[in-house]
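S.K.: The structure follows.
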Amino acid sequence: MVKRKNEFKFPIKDKLLWWGSNLLGLAASFALLLAFIILLPFRRYESFYMRFFIRIAAITLVIGLITGAYLYYIPHQAAEFGKSTKYIMVERGETAYDIGFKFQRIGAISSEFNFMLFAKIVGHSRHIKAGRYAVEPGMSLADIFKILTTGAAVPFNITIPEGLTVKETADLLAQNLAFGKDEFIPISKNRLLLDSLSIPTDDVEGYLFPDTYNFFYDESPDQVIRKMVARFYETLPDSFEIKAKRHGLDFYEAVTMASLIESEAMLDSERPLISAVYHSRLKKVMRLQCDPTVIYALGGLGRPLYYRDLEVDSPYNTYKYYGLPPGPICSPGRASLEAAVNPAAVAYLYFVAAGDGSHIFSDTHQGHINAKNKVKRDRMLGRAG
């Protein structure tokens, strides 16, 4: 929330506009009130005093209406506003004064006080909705209040990259939307929500499809999750479940396989090869030994994986336990989902990162040892990425 700071200085022009418009409005209001008080005791309209004050009241009313219409319907944007659209965030709990300050700060209006005054007088302050709003050049206060009170908000264009975990996705969404990470995570584990989405695991890990979305500021975590999971099912490769069964996997195991491929692969061309390695190891009852599963079991790491980390006792530790982990470890993209059910026709059982985003694949343990030694030599000689 943007708060007004004590050190903020208004330009002279804005100060003159502020004092001039509001003193005029105050004088008009005072004159109307005075006229009403004076006129109240009179009953004879032919009285000189009555006619005098009726004229004064009428003139004052006309001046007040013209001034109000001028301030409300005529644009008063500063020159620095420019000719391009600008965006304003109206957050929950902000007062009309807070919101007016934001509009004044970008030059959309000449006075935050005028904003607050009209918000109160016209009753807009009770109907302003939170959201992200587009302010166009030439908009008046009336135009601004119209979009604020009707909720004509502009959505955020948010891109969710492949390979993010639920926690990382929550962090990204919380940067733009009204809810916080601490609100999103519990919803992602809600059993009623998971059952309604046909997700058997303990959270939505793996099913928040990586894509570009239009999310409105005040969308709830439930709405966001449903939208992302719906996109996941819409984007599934053709015959995904049928192909998975051909390789001995059910639907959810195939999604888990795709998440492992996503966490390892950097090159699309290698996804089917990595898939082939994991499928072959499953068939031969070999541990998958996927480093990212250990990192996931440890809750994420901001450092390289150490040998002692491989001892963590977790069903997600594929160095310790056979088979696939209990569920996905990240959100796979379409290419990884496709690779999970379409492994390459190769006999590879091992791969090691070459240091430049690619991998060296081997079909024997000795070949794998040789590949690791080559990578170490290249790094020592400065030939690796």
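None of the figures in this text is laboratory data; all of them are computed from the coordinates on show. Source: prediction; values computed, not measured. With ideal geometry, Cβ positions are generated from the backbone for all residues, glycine too; neighbour counts draw on all protein chains shown.
S.K.: With a cut-off of 8 Å between alpha carbons and a minimum separation of six or more residues, what is the relative contact order of region 165-231 in percent?
M.R.: Answer for region 165-231 is 37 percent.
S.K.: I want to verify a result. In a Gaussian network model of the chain, Cα cutoff 10 Å, which of these has the top mean-square fluctuation: A347, A230, A69?
M.R.: Highest fluctuation of the listed residues: A69.
S.K.: Which one of Y87, V375, L267 has its Cα pushed farthest toward the positive end of the charge dipole of the chain, where Lys and Arg give +1 and Asp and Glu give -1 at the Cβ?
M.R.: Y87
S.K.: Something else: Would you mind putting 255-266, 359-370 in packing order, based on average other-beta-carbon counts within 10 Å, highest first?
M.R.: Final packing ranking: 255-266, 359-370.
S.K.: Taking every pair of Cα atoms in region 48-186, average 1/r, invert it to obtain the Kirkwood radius, and report Rg/Rh to two decimals.
M.R.: Over the Cα atoms of region 48-186, Rg/Rh equals 1.17.
S.K.: Follow-up. How far, in degrees from 0 to 90, does helix 271-283 lean away from the longest principal axis of the Cα atoms of the chain, to the nearest 10?
M.R.: Between helix and principal axis, roughly 50 degrees.
S.K.: A further question follows. Mind pulling up the Rg/Rh value for region 240-348? Radius of gyration and Kirkwood radius, both on Cα.
M.R.: Radius of gyration relative to Kirkwood radius: 0.95.
S.K.: Something else: Obtain the radius of gyration and the Kirkwood radius of region 165-231 from its C-alpha atoms and give Rg over Rh.
M.R.: Rg divided by Rh gives 0.91.
S.K.: Still on this structure, I have one more. May I ask you to order 335-343, 121-129, 100-108 by the average number of other C-beta atoms within 10 Å around their residues, highest value first?
M.R.: Highest to lowest by the protection proxy: 335-343, 100-108, 121-129.
S.K.: Mind telling me which of L301, L236, L310 comes out most flexible in a GNM of the chain, alpha-carbon contacts under 10 Å?
M.R.: Maximum fluctuation in the GNM of the chain, among the listed residues, is at L301.
S.K.: Over what distance in Å are the Cα centres of region 323-352 and region 162-228 separated?
M.R.: 23 Å
S.K.: Can I ask one more? Output the relative contact order of region 197-300, whole-number percent, from Cα pairs under 8 angstrom with separation of 6+ residues.
M.R.: Here the relative contact order equals 18 percent.
S.K.: In Å, what is the Rg of the alpha-carbon atoms in the chain, and how long is Dmax?
M.R.: Expressed in Å, the Cα Rg and Dmax of the chain come to 32.3, 115.
S.K.: Over 30 Å between Cα atoms: which of K181/K284; K167/K372; K181/K243; K320/K372; K146/K181 fall into that group?
M.R.: K181/K284; K167/K372; K181/K243; K146/K181
S.K.: For region 154-283, evaluate the Debye formula with one uniform point scatterer on each Cα (no solvent term) and list log10 I(q)/I(0) at q = 0.09, 0.10, 0.12, 0.18 Å⁻¹, rounded to two decimals.
M.R.: -0.29, -0.35, -0.50, -1.03
S.K.: Using Cα pairs under 8 angstrom and six or more residues apart, how large is the relative contact order of the chain, in percent?
M.R.: 12 percent
S.K.: Projected onto the charge dipole of region 165-231 (+1 at Lys/Arg Cβ, -1 at Asp/Glu Cβ, origin at the Cα centre), which of G206, A230, I187 gives the Cα projection farthest towards the positive end?
M.R.: About the Cα centre, the residue reaching furthest to the positive side is A230.
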